[in-house]
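The values are calculated or read from the model by the stated rules, or taken from the named source; none is laboratory data. What you see is a predicted model, and the numbers here were worked out from it, not measured in a lab. We place every Cβ from the backbone using ideal geometry, glycine too, and count neighbours over all the protein chains shown.
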Amino acid sequence: MEATLRWTLLTAVAPVAWGTNYFVTHEYLPTGHPFYGAAIRALPAGVLLLVLRRQLPRGSWWWKSLVLGTLNMGSFFALVYLAAQLLPTSIAATIMAGSPVALMLLAWAVIAERPRVLPLLGGGIGVAGVCLMLLTGTVTLNALGLLASVTAMVTSSFGYVLAKRWSAEVDVLASTSWQLIAGGLVVLPPALLYEGAPPHLDGRAILAFAYVTVVATAVAFAAWFTGLRRLPAAAVGLVGLLNPVTGVLLGTLVAQEPLTAQQICGLVLVLLGIVLGQPVAATAAARIRSRSTGADSHRCRKPVVDRVIPKGSCDP
């Protein structure tokens, strides 16, 4: 149980880092360059991990890296970058909150990992909590931003399931670096073709990209794929709900946004949903059922009364 808790805490590094990414992208990075934004984020992060690991793909991992890099990194980063520019952070994060449910269903279809009752319940409670926490007012929605956010959620969930299926035999840091480099290379041609020259970056934008590259990409994805290897996909997906929680808390602490009673209730529901979906919760529930069954069995057992035969008497 302690080992499982450690892997859960390590996995949580990823959504917490990603929760800061929407704020950093919206506030400090140049608009109108989703492909360059994805390439600048992915390529340096992949090279950094490759330098640390110094291991190149072999055999089928060349094309697997391309597939996973496109799903998990290239298209995902570009779509998230676009959604962050076109939608309020609350809406983009709410849509992405559906990823745990998508991850459970895709894991069931692709790797036969049947969703259990507690993770499904946790997913429902968590998504409801995110809606309660973020949908607090009337906002103007952009159709392209909505499409980008939904597509990012579905493609990344599918990519994560494929990564869990394929990555058992390779080093997690190495496979993460291959995906990042492949994803960055995939979006570089569209960036050159459709966006022209790279965007001008001032000092703040350079620092923001450095943070996004190292913390919200290299460290975060290494932690995320480690969690996918060690934990059920449903549990990992629910940990991802820490993403919008981080966004709300960051808005309160940094942007001085008020934290309402409704948001606090939503935050509590999200945390409850995350806990319900973890293996620790399933283990605890099994122990409670076992103790209850044992107590009922003991209660129903008829006492055995020894018959005492008086001294000097005998049976007829």
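Descriptive notes on the structure:
- Segment 16-58, residues that are outside any loop (DSSP other than H, G, I, E, B) and touching a Phe, Trp or Tyr at 6+ places or on another chain (Cβ under 7 Å): V24, T25, P34, F35, G37, A38, I40, R41, A42
- Residue check for V13: in a helix (DSSP H, G or I), among the β-branched types (V, I, T) and closer than 19 Å to L147 by Cβ: no
- Residue in segment 177-197 that is in contact with an Asp or Glu (Cβ under 6 Å, 6 or more places away or on another chain) and either of a type outside the set (F, W, Y) or farther than 21 Å from R54 by Cα (or both) present: no
- Looking across L146, L135, one residue alone is modelled with pLDDT under 90, closer than 30 Å to Q262 by Cα and surrounded by 16 or more Cβ atoms within 10 Å (Cβ to Cβ). It is L146.
- The criterion of at least 3 residues that are of a type in the set (F, W, Y) and in contact with a helix residue (DSSP H, G or I) (Cβ under 6 Å, 6 or more places away or on another chain) is met by the following helices (runs of 4 or more DSSP H) wholly inside segment 196-276: 220-230.
- In segment 12-38, the residues that are crowded, with 22+ Cβ neighbours inside 10 Å and either modelled with pLDDT of 95 or more or of a type in the set (A, V, I, L, M, F, W, C) (or both): A14, A17, W18, L29, F35, A38
- Residues that are buried (at least 22 other Cβ atoms within 10 Å of the Cβ) and of a type in the set (V, I, T), drawn from segment 150-162: V161
- Out of A152, A163, A220, sole residue that is modelled with pLDDT of 95 or more and either under 18 Å from A42 (Cα atoms) or among the aromatic types (F, W, Y) (or both): A220
- For segment 47-62, the count of residues that are of a type in the set (S, T, Y) and in contact (Cβ under 8 Å) with a residue 24 or more places away in the chain is zero.
- Identity of the residue in segment 163-179, surrounded by fewer than 18 Cβ atoms within 10 Å (Cβ to Cβ) and of a type in the set (D, E, K, R), that ends up farthest from the chain's Cα centre (by Cα): E169
- Candidate set from segment 1-10 (those that are part of a helix (DSSP H, G or I) and either over 14 Å from the mean Cα position of the chain (by Cα) or β-branched (V, I, T) (or both)); member that is surrounded by the fewest Cβ atoms within 10 Å (Cβ to Cβ): E2
- Residue match in segment 195-208 (condition: buried (at least 23 other Cβ atoms within 10 Å of the Cβ), modelled with pLDDT under 95 and under 25 Å from T20 (Cβ atoms)): no
- On the stretch given as segment 102-152, residues that are out of contact with any helix residue (DSSP H, G or I) (no Cβ under 8 Å at 6 or more places or on another chain) and of a type in the set (D, E, K, R) total 0.
- For segment 39-49, the condition of being more than 19 Å from the chain's Cα centre (by Cα), surrounded by fewer than 19 Cβ atoms within 10 Å (Cβ to Cβ), aliphatic (A, V, I, L, M) and modelled with pLDDT of 95 or more holds for at least one residue.
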